[in-house]
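Everything on this sheet refers to the single structure shown next.
The values are calculated or read from the model by the stated rules, or taken from the named source; none is laboratory data. Just so we're clear, the structure is a prediction, and the values are computed from it rather than from any experiment. Backbone-built Cβ (ideal geometry, glycine too); neighbour counts: all protein chains shown. Keep in mind that these areas ignore ligands, DNA and RNA; they rest on the heavy atoms of the full protein, side chains included. Shrake-Rupley method; radii C 1.70, N 1.55, O 1.52, S 1.80 Å.
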Amino acid sequence: MTTTWERRFRAPTVSYPDWSPLAPDRVAYESTESGVWQLHVRDLATGDRRRVTDHPVGVITGTWSPDGSTISWWQDETGDESGRWYAQPFEGGETRLLLPEIETAWSEGIAWVPGMLAVGMGGRDGFGIFVSEDGGATVKEVARSTEHMRVAGSDGGYNRGGLSADGMLLCLQHAEHGDEIHEALRVIDPLTGATVADLVDEQLSLLSSAWSPIPGDGRLAIVHERHGIPQPAVWEPATGAWTDVTTNLDGEVSVADWWPDASALLISQLHDGRHRLYRYDLDTGDLSPITHPPGQVEWAQVRPDGAVWFRHSTGGSAPAILDAAGRDVLALEGEPAPTGRPFESIRFDNRHGQSVQAFLVTPEGDGPWPIFLRPHGGPTWLDEDRWHPEVQAYVDAGFAVVMVNYRGSTGRGAEWRDALIGDIGGPEREDLNDALDHLVQEGVADPERAVVGGWSWGA
């Protein structure tokens, strides 16, 4: 008989679906319905669906041509993350190289709008930005750097943060000012490579979120740290115009998307490891909450009809693609994952008197329990109230699990995140040990049965 923890790991899961704004009924998503992450497409109007890829390594990144006729994906042949972009008609058929002139390298972003395709590629000789006006048949290099440089915006899907809607402006994220921790933005003319505007905030990070969806509207929604914690603004590179988006929300605030008529922004708030979505009216400054359950909203966008879709999960419930009415808009085939124990947000003071947030998951009954401290990777990352089969497996085995958003984590602003600079390993270990002391004092943790383990930076 398959155990509960095995069923959680083996249950199908799904990435956020994406579409071209010009062909919204055709959605692409990656899922594990076949047992390995593969790219799928679905026609919402007809219900037709198919799996596009069947690659042994798996496929986790796909994107659309603007008219929805072609689905493209990044194929990594060996698992070292280098590869090439491939393409296939939506209906199926022959697979071809999307960019036959570009050799195998590491992906540094892609953006595709009518009349312009832009890709970033990284190799041993540096980072290059390439553009094509004919869908990839011929390409030209418009930027190169020995420092990190990429097409700005989201890593996959129909990237709204790279090319403007009319294809006349291309935003790049780069570290040419010598600071890869706090990267800057550059907007160029993709036809010539000429710089339109540079935006550098020394020792602070900048991110490109989404261009206005209206062709000819050169406004770019970005996220900056000028007030100490990520906050949104609207920047017009051609004129230098800048408008702060003031929400008065706690925590980190970012822009997920625009409404199709460019009248409002979809705002995402991250506070204590949980998300909230809002509509922000650009004319009035009114902020209206979007209805959704508490937990992690990993990705959200606005459909052409104004509906909001998002990928939601909690520590005790697996990811689902929902709309603001609570409907599952992309149900998967296969047995769903069993639910798990909820994540409880807790706070404790570290030895410096700073309040630290963490998530605690416990078995049923009363403690003290054996305790597993699980530091996250990154370190510029954080633990959220999200689906986590590994954590649930430890809880099934009788452990309490604590996930500490120690100094060095995101979610608390630039000063908290950058606390590790010049003191790597110190703040994290202090906060982890202080978390253990707190849980022992609270009767949650058995100090004789305490372990620590993680992955990447957390290991």
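Under the rule a/c < 1.5 gives rounded, and otherwise a/b versus b/c splits prolate from oblate, where does the stretch 1-134 land using the Cα gyration tensor?
Oblate is the answer for the stretch 1-134, as a/c is 1.5 or above yet b/c matches or exceeds a/b.
Need one word for the stretch 160-272: rounded, prolate or oblate. Basis is the Cα gyration tensor (sqrt eigenvalues a ≥ b ≥ c); a/c below 1.5 gives rounded, then a/b vs b/c decides.
Cα axes put the stretch 160-272 in the oblate bin.
How far apart, in nm, are two points set 7 Å out from the Cα along the Cα-to-Cβ line at Asp179 and at Glu147?
1.0 nm
Rounding to the nearest 20 debye, state how big the charge dipole of the stretch 204-354 is about its Cα centre with +1 on each Lys and Arg Cβ and -1 on each Asp and Glu Cβ.
So the dipole magnitude of the stretch 204-354 works out to roughly 380 debye.
If you roll a 1.4 Å probe over the chain with all protein chains in place, what percent of the accessible area is carbon or sulfur?
Reported share for carbon and sulfur atoms: 49 percent.
Assuming a ≥ b ≥ c are the square roots of the Cα gyration tensor eigenvalues, decide whether the stretch 212-278 counts as rounded (a/c under 1.5), prolate (otherwise, with a/b larger than b/c) or oblate.
Oblate is the answer for the stretch 212-278, as a/c is 1.5 or above yet b/c matches or exceeds a/b.
Suppose a student asked you for the relative contact order of the chain, using Cα pairs under 8 Å spaced at least 6 residues apart; what percent would you report?
9 percent
Can you compute the charge dipole magnitude of the chain about its Cα centre, using +1 on each Lys and Arg Cβ and -1 on each Asp and Glu Cβ, nothing else charged? Give it in debye, rounded to the nearest 20.
So the dipole magnitude of the chain works out to roughly 660 debye.
If you filter the stretch 334-415 for trypsin sites (Lys or Arg not before Pro), then keep DSSP loop positions with at most 16 other Cβ within 10 Å, what is left?
Passing both the DSSP loop test and the Cβ count: Arg351.
What list of whole percents do you get for P(r) of the chain, with Cα-Cα distances grouped in 10 Å bins up to the one holding the largest distance?
Result returned by the calculation: 4, 19, 29, 28, 15, 4, 0.
For a quick check of your reading of the filter: which trypsin sites (Lys or Arg not before Pro) in the stretch 69-164 sit in a DSSP loop and have no more than 12 other Cβ atoms within 10 Å?
Arg124
Give the share of C-alpha pairs in each 5 angstrom bin for the stretch 72-118, from 0 to the last occupied bin, in whole percents, shortest bins first.
The distribution over the stretch 72-118 is 5, 18, 27, 26, 17, 6, 1, given as percents.
State in Å² the accessible area per residue of the chain; use a 1.4 Å probe, count heavy atoms of protein chains only, and round to the nearest integer.
So the chain comes to 42 Å² accessible per residue, rounded to a whole number.
Which GluC sites (Glu not before Pro) does the stretch 161-195 hold that lie in a coil by DSSP with at most 11 other beta carbons within 10 Å?
Sites meeting the loop and neighbour criteria: Glu180.
I'd like the orientation of helix 426-441 relative to the chain: the angle between its Cα long axis and the longest Cα principal axis, in ° from 0 to 90, rounded to 10.
40 degrees
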